[in-house]
Amino acid sequence: MGFKVIMAADLALTPQMEEILAGADAQLVGIDCPTEDLIIENCREADAVLVGANQPFTRRAILALERCRILSRLGVGVNNIDLPAATEKGIPVSIVPDFCVPEVSDHAIAFLLVFARAIVPLSEASREGLWRGGMARLHHPLRRLCGQVLGLVGMGRIGESVARKAAAFGMRIVVFDPFLAAEKAQQVGAELVSFERLLGESDYISIHAPLTKETRHLFDLAAFRKMKATAYVINCARGGLIDEAALLKALREGYIAGAGLDVTDPEPPKVDNPLLQLDNILVTPHASYNSLESDLELRRSACEAVVQVLRGDLPRWLANPEVRELTRN
C-alpha cells in the first residue's frame, strides 16, 4: 500500500504534482481544509500534507496527525502553522524560500515606475482629452529616477532582487534591516541605515519584511510624518506591517504622496474601505506572487520536499530546523 498525501489547500491538483509524488509511491488527494476540524478529519491518517496559506494548522490540529511525516508549505510564510507543535511532534515543516522572488520584486518595481512617471493620472487625463493639460493635474513635478533614493525595509531574497533592479535605474538604495550585515548591503550597492534615516531620506519605500510582533504596524502615523511629502510607500509583503488608519490619514492630509499596496489587513479589504476611494493609492489583490512560472515551480518544489521525506531524508529548507536533532535520536 502506497503513501497518502493530502493537499490541504484551495488549489487544483495538477498532473505534474501527481507524477512527482507517484515516483515515491504516493497518491495525492486534494481537500481544502479551512478549519481545524476539517484538517483533523481529512489529514489525521495522511503520511504527508501540502499546506496552503490559509489553513489553520494549530497545535490541536497538528497533534491530531497520526502518521504525518512532513508538512510541506506551498509558499514561504508559516504564520498558519504552529511550528513548536510540529517540532514537538517530530514533523519537519518545509518551505519554498525562493518562491516568486522575481515576480514580487517585479511588482514592487512596477508600482515604483507607475508612480515615478505618473502613468495613471496622465492616462486618465489623456482619455478625457487633456493631451497637454494633464501635466497641470500633477501635484508634484516629474523627476528622473536616476539619483532618487529607494528605501528598502527588509532585504532578504526579494528585497535584494528589488535592490538590483532599482540599481539599474541609477537609484541610490538605503536599507533598514536589523539582521543584515553592512557588507551584505554593500554587495548590492546599498547602504545600511537606521529606520529613522530611511524614512527621512527615501523618495520611495518598498517593504519586504516579515510580519512579527515587532514589525506589526511598523508604519504608523509617526513613521508617515517623518517621510517626505513627495514620497511613496509600497507594500508587497504583509498587510499588517502598515497601520491602515494611519495610512489613510497620511494620504488624505498629504504627509506622503501615495501608496501602492498588494496586501491589506484584513484581506480582502471591505468594498467600502475608504482607502480604496483615494486617487493617490493603487491596490492589487495580493497578486504579486503570481505567474505561470512561479506556480509551476512552487508546486514542484513542495512536492519534491515530500518525496525527500518519504524516502527517508529531510528537505533542504526547514522552517523548524530544530527537528533535525529529533530525527537523529
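The values are calculated or read from the model by the stated rules, or taken from the named source; none is laboratory data. Bear in mind that the values here come from a model prediction, so they are computed numbers and not experimental data. Every residue, glycine among them, receives a Cβ derived from its backbone with ideal geometry; neighbour counts consider all protein chains shown.
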- [ ] Check 143, 216 and return the single one that is farther than 25 Å from residue 263 by Cα and either out of contact with any Ser or Thr (no Cβ under 7 Å at 6 or more places or on another chain) or assigned to a loop (DSSP other than H, G, I, E, B) (or both).
- [x] 143
Task: Neighbours by Cβ (under 9 Å, 6+ apart or cross-chain): first from the range 303-316, over 21 Å from residue 18 (Cβ atoms); second of a type in the set (Phe, Trp, Tyr) - done: none
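If I filter the range 145-157 down to residues being out of contact with any Gly (no Cβ under 7 Å at 6 or more places or on another chain) and of a type outside the set (A, V, I, L, M, F, W, C), which single residue comes out as surrounded by the most Cβ atoms within 10 Å (Cβ to Cβ)?
First, the residues of the range 145-157 that are out of contact with any Gly (no Cβ under 7 Å at 6 or more places or on another chain): 148-151, 153-157.
Narrowing further to those that are of a type outside the set (A, V, I, L, M, F, W, C): 148, 151, 154, 156-157.
On the way: 148: 19, 151: 27, 154: 23, 156: 17, 157: 17.
Looking at residues that are out of contact with any Gly (no Cβ under 7 Å at 6 or more places or on another chain) and of a type outside the set (A, V, I, L, M, F, W, C), I get 151.
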Open item on the list: Need pairs with beta-carbon distance below 7 Å; first residue farther than 28 Å from residue 311 by Cβ and within the range 26-41, second among the β-branched types (Val, Ile, Thr) and modelled with pLDDT of 95 or more; sequence gap 6+ or separate chains.
Closed with: 36/58
- [ ] Take the residues in the range 204-227 that are without any contact (Cβ under 8 Å) to a residue 60 or more places away in the chain and within 21 Å of residue 168 (Cβ to Cβ), then tell me which one is surrounded by the most Cβ atoms within 10 Å (Cβ to Cβ).
- [x] 205
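Taking strands (runs of 3 or more DSSP E) that fall entirely within the range 7-103, which contain at least 1 residues that are under 23 Å from the mean Cα position of the chain (by Cα), closer than 24 Å to residue 290 by Cβ and of a type in the set (D, E, K, R)? Steps first, answer last, please.
Working: elements: 26-30, 48-51, 71-73.
Those strands (runs of 3 or more DSSP E) span 71-73.
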Open item on the list: Taking the criterion of being surrounded by fewer than 17 Cβ atoms within 10 Å (Cβ to Cβ), without any contact (Cβ under 8 Å) to a residue 24 or more places away in the chain and outside the structural domain of residue 52 (by TED's automatic domain parsing), would at least one residue in the range 158-171 satisfy it?
Closed with: yes
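Going by the structure shown, is residue 114 not assigned by TED's automatic domain parsing to the domain that holds residue 207 and not aromatic (Phe, Trp, Tyr)? Give the derivation first.
Details: not assigned by TED's automatic domain parsing to the domain that holds residue 207: no; not aromatic (Phe, Trp, Tyr): yes.
So residue 114 fails the test.
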Open item on the list: Return the residues of the range 19-51 that are surrounded by 15 or more Cβ atoms within 10 Å (Cβ to Cβ) and more than 17 Å from residue 4 (Cα to Cα); say none if nothing qualifies.
Closed with: 36
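Matching residues to (1) at pLDDT below 95; (2) in a helix (DSSP H, G or I); (3) under 17 Å from residue 276 (Cα atoms); (4) within 21 Å of the chain's Cα centre (by Cα):
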site	(1), (2), (3), (4)
223	no, yes, no, no
230	no, no, no, no
234	no, no, yes, yes
246	no, yes, yes, no
251	no, yes, yes, no
256	no, no, yes, no
260	no, no, yes, yes
Task: From 125, 163, residue being among the hydrophobic types (A, V, I, L, M, F, W, C), at pLDDT 95 or above and at negative phi - done: 163
